[in-house]
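Visitor: The structure is given below, and queries will be raised subsequently.
The values are calculated or read from the model by the stated rules, or taken from the named source; none is laboratory data. Owing to the predicted nature of the structure, the values given are computational and were not obtained by experimental measurement. Cβ: placed from backbone, ideal geometry, glycine included. Neighbour counts: every protein chain shown. For the accessible areas, the whole protein counts, side chains as well, though only heavy atoms, and no ligand, DNA or RNA atoms are used. Shrake-Rupley method; radii C 1.70, N 1.55, O 1.52, S 1.80 Å.
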Protein chains: 2
Amino acid sequence: MPRGWRLEASDLEALALGAAILGTGGGGNPYLGMLRARELLRKGHEIRVLPFEELRDDDVVVSVGGIGAPVVGIEKIEKGDECFRALRALEDFTGTRATALVAAEVGGSNSIEPLIAAAYAGLPVLDADGMGRAFPEVQMTSFFIYGARPYPAALADEKGNAVVLAEVKDMYWLERFARSVAIDMGAAAGFALPPMRGEFLKFCAIPHTLTQALELGQEVQRARVLREDPVARVLEVAGGVRLFVGKVVDVARRIEGGFARGHIRLAGLDADRGSTMEIEVQNENLIARRDGEVVATVPDLIALLDLETAEPITTEAVRYGFRVAVVGLPAHPRLKTKEALAVVGPAAFGYDVAYRPLLREV
Amino acid sequence: MPRGWRLEASDLEALALGAAILGTGGGGNPYLGMLRARELLRKGHEIRVLPFEELRDDDVVVSVGGIGAPVVGIEKIEKGDECFRALRALEDFTGTRATALVAAEVGGSNSIEPLIAAAYAGLPVLDADGMGRAFPEVQMTSFFIYGARPYPAALADEKGNAVVLAEVKDMYWLERFARSVAIDMGAAAGFALPPMRGEFLKFCAIPHTLTQALELGQEVQRARVLREDPVARVLEVAGGVRLFVGKVVDVARRIEGGFARGHIRLAGLDADRGSTMEIEVQNENLIARRDGEVVATVPDLIALLDLETAEPITTEAVRYGFRVAVVGLPAHPRLKTKEALAVVGPAAFGYDVAYRPLLREV
């Protein structure tokens, strides 16, 4: 009896939309992956979601996803089974089989990659992830923040290569080796993280994020059809706040150490007229300042949504003249502990800014 | 009953000297490794050499060695058990144990690394290698030239990291991944190549090269003591020819794609007075031209030996004013077949020069 509930083809587009919102400007575009997942469903594969509450202590859960430069994912169409092949290489190495998969990051394209691997492997995907959003590096998952063993892990590419990181000193070494191997593999590879037990994930995963992404996408779709305010739906579903409404007036980008860094500047519209907002970017939107004052910081989510459609705007696509709502969505409490902030707080990204919780009018 | 004969501490220095001659200017300095091997013998470890003729069809032979930038090996003292740990990672992955080790390249430091791993593992080292000299890249071994499976292989460093290249498309991908991982590991790592069966090695290894290196070193040592001509001893032992006697008048070096490229120019002395020799270098000495005419090419060995002591001079150490004999030593026939020349002939290094056998006066 297969576990979990079946994801329908009609869910996939909503899920991809929600995942893109949770990508907070980065995380890679989930659209191509979504098309591949839909094709697999059409061919008779099943994609099942395992509710977080149905996770068993002795489940063996492997987190799979793509690793590489997001921009390459657009140009270089993956064969589609890279994550599945990485999973198999890992299973062959450990001599055990996974009982479920889980996303490392629900934000962006890596929300979909586990679904594709799950379809090939006949395994359910846990309704959870390790970030509740997108981050650029693998150590920035709650799995590793809370002590998951950093090895063994495996990478595979579309050419038939597979590499097992058999033993690595810590999660930073894991990231380092994985990044180099992924670059050799053409800057895009499937990545399977060390197997985790269900009982560990119960305390360390960010729960319900797959269904949150799905619900976010569905609510935005519904609001568009009903001509309601889709941005307001996003705030309701995610418990977020509208930080700013404005027009993009300046975008600065540079590539530094493999990351897209820069800032986005906005001039206020409507109630925010006369004010400015500046957003610091490193792949994702990380710090938002309103008239010079910090109003939101990583790990809380800072997303730019089109003012009319709530279509999420990536840091790559943002241009002068875009009219957007900047929304702040609260990160899960598991990302805001002292241990977590040391890895995913503003200082971990090099900002001399303290973490500042989102303020909501009550 | 352990197989093979015991290498004595007094053999090690001669072996290192002979290996440096076979390094043809590259291959890394075997001196530090030799000291480590001697220390292991002093502590009661054994290093045994398995005669090529005693290789069994069902032997499982693993080639181990250091991979990285030779110059780093000088600055970064290895912990010493990197190759052994790479071997263990490979054995754990395959679920089989090696019955013997073998050097990938007898030239330079990688003549000694298998001895050290053998001391730790309690395994004999086969009297053979994959090059009969030194080459910069792993695909340039007779193992891969004649079809060894390019995976699985493993790397390990002194920090506790181990990476298994579980499945790679071909030997070029093996080299590529291994090089990147080695760079992450601090530009020096222990490397264990895919296990090979004895029956395969009988036809594909370069036989008797460990004892050749030992004999070369011993003969040079003896000639020095007896005040005979040590360069003449090298030529006798290796069946080589004296290509040129001269003084280094120009050295050009540049780092290109991780390799030390350049040339060495010599002005003739004694019988060669009035002539010049130019040697093309890529880590090793690859092409020798006398007065513009090619007189020796890779894969034959081109070594610069001090005119008085026959001390081999590396491409890193060579300087203006050195008085040297340039000797040509014939590569093993297994490196001069059509298949081999495609991988290790002049064209494989980017030279528009045909392979030219050494000419000997008869």
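Visitor: Only helical DSSP H runs with n ≥ 4 go in: add -39500 (n - 2.57) per run for the protein assembly as shown, normalise by residue count and round the 222 nm mean residue ellipticity to 500 deg cm²/dmol.
Guide: -9000 deg cm²/dmol, from helical runs alone.
Visitor: Could you tell me what % of all Cα pairs in chain B have separations over 39 Å?
Guide: Across chain B, Cα pairs with separations above 39 Å total 10 percent.
Visitor: Stokes-Einstein D for segment B:1-65 at 10 °C, 1.306 mPa s, Kirkwood Rh over Cα pairs, in µm²/s?
Guide: Estimated diffusion coefficient is 118 µm²/s.
Visitor: Expressed in nm to one decimal, what extension gain is obtained for the pair A:Glu54 and A:Glu339 from 0.36 nm per residue of sequence separation less their Cα-Cα distance? Walk me through the numbers on the way to the answer.
Guide: Details: separation 285, 0.36 × 285 = 102.60 nm, distance 2.72 nm.
My answer for the length gained is 99.9 nm.
Visitor: Projected onto the charge dipole of the protein assembly as shown (+1 at Lys/Arg Cβ, -1 at Asp/Glu Cβ, origin at the Cα centre), which of A:Tyr351, B:Ile112, B:Pro207 gives the Cα projection farthest towards the positive end?
Guide: Towards the positive end, the residue furthest out is A:Tyr351.
Visitor: Further question on the same structure: Assume the label is 7 Å from Cα along Cα to beta carbon: what separations in nm does A:Val249 have to the matching positions in the other copies?
Guide: Reported distances to equivalent positions: 7.1 nm.
Visitor: May I ask which residue of A:Leu269, A:Val281, B:Val237 lies farthest towards the positive end of the charge dipole of the protein assembly as shown, with charges of +1 (Lys, Arg) and -1 (Asp, Glu) on Cβ and the Cα centre as origin?
Guide: A:Leu269
Visitor: Per-residue accessible area for B:Met196 at 1.4 Å probe radius, Å² rounded to 10?
Guide: Accessible area of B:Met196: about 10 Å².
Visitor: Taking the Cβ of A:Val163 as the center, what net charge do the other residues with Cβ under 10 Å away carry, scoring Lys and Arg +1 and Asp and Glu -1?
Guide: -3
Visitor: Related question: Rg over Rh of segment B:123-169, using C-alpha atoms and the Kirkwood radius, what does it come to?
Guide: In segment B:123-169, Rg relative to Rh is 1.02.
Visitor: Return one whole number: the accessible area per residue of the protein assembly as shown in Å², for a 1.4 Å probe.
Guide: 39 Å²
Visitor: With the crude spin-label approximation of a point 7 Å out along Cα→Cβ, what separation in nm comes out for B:Thr96 versus A:Glu293?
Guide: 7.1 nm
Visitor: Sticking with this structure for a sec: Going by the alpha-carbon gyration tensor, a ≥ b ≥ c the square roots of its eigenvalues, is segment B:5-207 rounded (a/c under 1.5) or, if a/c is not under 1.5, prolate (a/b greater than b/c) versus oblate? Display every interim value, and only then the final one.
Guide: Details: a/c = 1.30, a/b = 1.09, b/c = 1.20.
It comes out rounded by the Cα gyration axes.
Visitor: What fraction of the DSSP beta bridges in chain B is antiparallel, stated in percent and rounded to the nearest 5?
Guide: Values: 58 of 65 bridges.
The antiparallel fraction comes to roughly 90 percent.
Visitor: Magnitude of the Cβ-charge dipole of segment A:29-70, K/R +1 and D/E -1, about the Cα centre, nearest 20 debye?
Guide: Roughly 460 debye, rounded to the nearest 20.
Visitor: Separate question: Run through segment A:248-334 and list the chymotrypsin sites (Phe, Trp or Tyr not before Pro) located in a DSSP loop whose Cβ has at most 12 other Cβ atoms within 10 Å.
Guide: In loop regions of segment A:248-334 (DSSP not H, G, I, E or B), the sparsely surrounded chymotrypsin sites (Phe, Trp or Tyr not before Pro) are A:Tyr320.
Visitor: Hey, another quick one. Evaluated at 25 °C with a viscosity of 0.890 mPa s, what Stokes-Einstein diffusion coefficient in µm²/s does segment A:157-198 have when Rh comes from the Kirkwood expression over alpha-carbon pairs? Walk me through the numbers before you get to the answer.
Guide: Numbers: Rh = 11.2 Å.
Estimated diffusion coefficient is 220 µm²/s.
Visitor: Can you list residues whose amide H is under 5 Å from A:Ala128's amide H, if they're 5+ apart or on another chain and H is modeled 1.01 Å from N?
Guide: Hits under the 5 Å cutoff: A:Ala103, A:His208, A:Thr209, A:Leu210.
Visitor: Another question about this same structure. For segment A:229-349, what is the Kirkwood hydrodynamic radius in Å, using each pair of distinct C-alpha atoms?
Guide: About 14.6 Å, per the Kirkwood formula over Cα pairs.
Visitor: Run the reach check for A:Lys159 against aspartates and glutamates, Cα to Cα strictly under 12 Å, same-chain hits fewer than 8 apart removed. What comes back?
Guide: Here the aspartates and glutamates satisfying the reach criterion relative to A:Lys159 are A:Glu78, A:Asp81, A:Glu82, A:Asp184, B:Glu167, B:Asp170.
Visitor: Rounded to two decimals, what ratio of Rg to Rh does the protein assembly as shown give with C-alpha atoms and a Kirkwood Rh?
Guide: For the protein assembly as shown, the value is 1.09.
Visitor: Now, a different point. Quick one: putting +1 on the C-beta of Lys and Arg, -1 on the C-beta of Asp and Glu, what dipole do you get for segment B:5-207 around its Cα centre, in Debye to the nearest 20?
Guide: Here segment B:5-207 has a charge dipole of around 240 debye.
Visitor: Rounded to whole Å and sorted largest first, list the principal axis extents of the Cα atoms in segment B:184-260.
Guide: Extents along the principal axes, in whole Å: 44, 39, 22.
Visitor: Given charges of +1 on the Cβ of Lys and Arg and -1 on the Cβ of Asp and Glu, with all other atoms neutral, how large is the dipole of chain A about its Cα centre, in debye to the nearest 20? Before the final figure, lay out each step's value.
Guide: Working: 41 positive and 50 negative charges, 42 e Å.
The dipole magnitude comes to about 200 debye.
Visitor: Kyte-Doolittle mean at least -1.0 and Cα extent at least 27 Å along the axis: which DSSP H helices of chain B qualify?
Guide: Working: long enough: none.
In chain B, no H run is both long and hydrophobic enough.
Visitor: Taking only C-alpha pairs under 8 Å that are 6+ residues apart, what is the relative contact order of chain A in percent?
Guide: 19 percent
Visitor: Out of segment A:260-341, which trypsin sites (Lys or Arg not before Pro) are coil in DSSP terms and have no more than 15 other C-beta atoms within 10 Å?
Guide: Answer in residue order: A:Arg273, A:Arg319.
Visitor: Same structure, new question: Please give the total accessible area that chains A and B bury against each other, computed with a 1.4 Å probe and expressed in Å² to the nearest 100.
Guide: 1900 Å²
Visitor: At A:Glu8, with labels set 7 Å past Cα in the Cβ direction, how many nm apart are the copies from this one, shortest first?
Guide: Listed shortest first, these distances are 8.5 nm.
Visitor: What are the distances, in nm and sorted shortest first, from the label point of A:Lys202 to the label points of the same position in each other copy, with each label point placed 7 Å from Cα along the Cα-to-Cβ direction?
Guide: 5.9
Visitor: Counting only other residues whose beta carbon sits under 13 Å from that of A:Arg149, what net charge do I get with K and R as +1, D and E as -1?
Guide: On the way: positive: A:Lys169, A:Arg197; negative: A:Glu167, A:Asp170.
Once all neighbours under 13 Å are counted, the net charge is 0.
Visitor: Okay, moving on. Can you tell me, using C-alpha contacts under 8 Å and at least 6 residues apart, the relative contact order of segment A:5-207 as a whole percent?
Guide: Numbers: 464 pairs, mean separation 60.6, N = 203.
Relative contact order here is 30 percent.
Visitor: Taking the Cβ of B:Asp250 as the centre, find all other residues whose Cβ is under 12 Å away and add up their charges (Lys, Arg: +1; Asp, Glu: -1).
Guide: Value of the local net charge: +3.
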